[in-house]
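The values are calculated or read from the model by the stated rules, or taken from the named source; none is laboratory data. Computed from a predicted model, the values in this text were never measured in an experiment. Don't worry about glycine lacking a Cβ; one is built from the backbone with ideal geometry, like all the others, and counts go over all protein chains shown. The accessibility values were calculated without ligands, DNA or RNA, using every heavy atom of the protein model including side chains. Shrake-Rupley method; radii C 1.70, N 1.55, O 1.52, S 1.80 Å.
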Amino acid sequence: AQSVTQLDSHVSVSEGTPVLLRCNYSSSYSPSLFWYVQHPNKGLQLLLKYTSAATLVKGINGFEAEFKKSETSFHLTKPSAHMSDAAEYFCVVFSSGNTGKLIFGQGTTLQVKP
Amino acid sequence: NAGVTQTPKFRVLKTGQSMTLLCAQDMNHEYMYWYRQDPGMGLRLIHYSVGEGTTAKGEVPDGYNVSRLKKQNFLLGLESAAPSQTSVYFCASRDALSYEQYFGPGTRLTVT
């Protein structure tokens with residue numbers, strides 16, 4: 001069975017400092033992984049996706065994530081946080097098979113302090 | 001091109017009432033999904049459809065029914081609402097050849 005675990009439920013950073021949101025996955029084969037962002041009272045927006053191409057994936061708004069098979073991790077990073085980055089972030093794995101469903105982590109709330 | 005739309009955006013129900021949530025997509029996607037989002041639990045799959053006229057159960061199907069009579073629409077029904085169904089409901093769709101799902105803006109449902 002596939003699963004994702006987001007290691008922090010809440011992360012707080014100061015504006016202009018780096019962001020690290022941690023995600024570990026469990027999968028018996030090479031997974032497809034995503035990061036989605038949800039701003040308050042909004043829908044979900046795709047930040048970036050990994051589908052077995054380059055292990056360093058660049059997304060929108062300066063975010064990137066690195067797929068590390070040896071560590072079963074897919075951590076999300078950004079060099080410099082902006083106030084507009086404050087949101088909830090979900091690490092997601094694509095479940096193969098007929099459903100094609102997404103399996104979501106529990107979410108990490110990112111707080112950005114001025 | 002509106003993408004994925006959901007109707008209504010907000011709703012308050014009393015226990016025992018029924019309602020239907022409508023999801024519509026204009027991308028000609030085969031697959032459609034209904035999720036519910038609860039604090040600290042991410043999104044959980046309620047039901048899904050792999051094509052017009054087909055539906056299947058997800059992780060948390062109890063208390064819900066769905067129908068996919070037209071390819072572009074996916075309806076989620078609550079026959080007898082319960083307070084435990086208070087949640088934010090998201091619809092999503094995807095193309096058969098892609099992993100990426102496109103989400104609607106959500107419906108916030110409160111059952112009192």
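Tally the DSSP beta bridges in chain B and give the antiparallel ones as a percent, rounded to 5.
90 percent
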- Summarise the partner chain shielding of A:67-76 as one whole number: the mean count of Cβ atoms from other chains within 10 Å of each residue's Cβ. 0
- Message: Computing the accessible area with a 1.4 Å probe over protein heavy atoms, can you report the carbon and sulfur percentage for the stretch B:18-112?
- Response: 51 percent
- Task: Any chance you could check the Cα centroid distance between the stretch A:1-46 and the stretch B:55-112 for me, in angstrom?
- Result: 23 Å
- Item | Surface accessible to a 1.4 Å probe, A:Thr77 within the full protein complex, Å² | 50 Å²
- State, in angstrom, two size descriptors of the stretch B:1-95 derived from its alpha carbons: Rg to one decimal place and Dmax to the nearest whole number. 12.8, 37
- What list of ³J(HN,Hα) couplings, whole Hz, do you get for the stretch B:70-75 from phi and the Karplus terms 6.51, -1.76, 1.60, once you set θ to phi - 60° and write x for glycine and proline? 10, 4, 7, 10, 9, 9
- 5 Å binning of all Cα-Cα separations within the stretch B:39-92, expressed as whole percents from 0 upward: 4, 18, 30, 25, 15, 7, 2
- Message: Students sometimes get this wrong: rank B:Arg44, B:Arg94 by accessible area, probe 1.4 Å, all chains present, largest first.
- Response: B:Arg44, B:Arg94
- Would you rank B:Asp95, A:Asp8, A:Asp85 by solvent-accessible area, highest first, keeping every protein chain in place and using a 1.4 Å probe? B:Asp95, A:Asp8, A:Asp85
- Note on the structure: Rounded to the nearest 10 Å², the 1.4 Å probe accessible area of A:Lys58 is 150 Å²
- Express in Å², to the nearest 10, the accessible area of B:Lys9 obtained by rolling a 1.4 Å probe over the protein heavy atoms while all chains stay in place. 120 Å²
- Candidates A:Ala81, A:Ala53, A:Ala65, ranked by Gaussian network fluctuation over chain A, Cα under 10 Å, top entry: A:Ala53
- Query: Rounded to the nearest 5, what % of the DSSP beta bridges within the protein assembly as shown are antiparallel ones?
  - Reply: 90 percent
- Taking r as the C-beta separation of A:Lys69 and A:Ala1 and R0 as 22 Å, the FRET efficiency to the nearest 0.05 is 0.75
- Message: With every atom except the alpha carbons ignored, what do you get for Rg and Dmax of the stretch A:69-109, in angstroms?
- Response: 13.5, 40
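Could you tally the net charge around B:Met41, taking each other residue with its Cβ under 13 Å from the Cβ of B:Met41, Lys/Arg +1 and Asp/Glu -1?
Once positives and negatives cancel, what remains is -1.
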- Which whole-number value in Å² is the accessible area per residue of the protein assembly as shown, probe 1.4 Å? 47 Å²
- Item | Viscosity 1.002 mPa s, 20 °C: Kirkwood-radius Stokes-Einstein D of the stretch A:12-114 over Cα pairs, µm²/s | 153 µm²/s
- Message: Please enumerate, by chain and number, the lysines with C-alpha under 30 Å from the C-alpha of B:Lys9, excluding those fewer than 8 residues away in the same chain.
- Response: A:Lys42, A:Lys49, A:Lys101, B:Lys57, B:Lys70, B:Lys71
- Task: On the protein heavy atoms, probe 1.4 angstrom, tell me the percent of accessible surface of the stretch A:13-114 carried by carbon and sulfur.
- Result: 52 percent
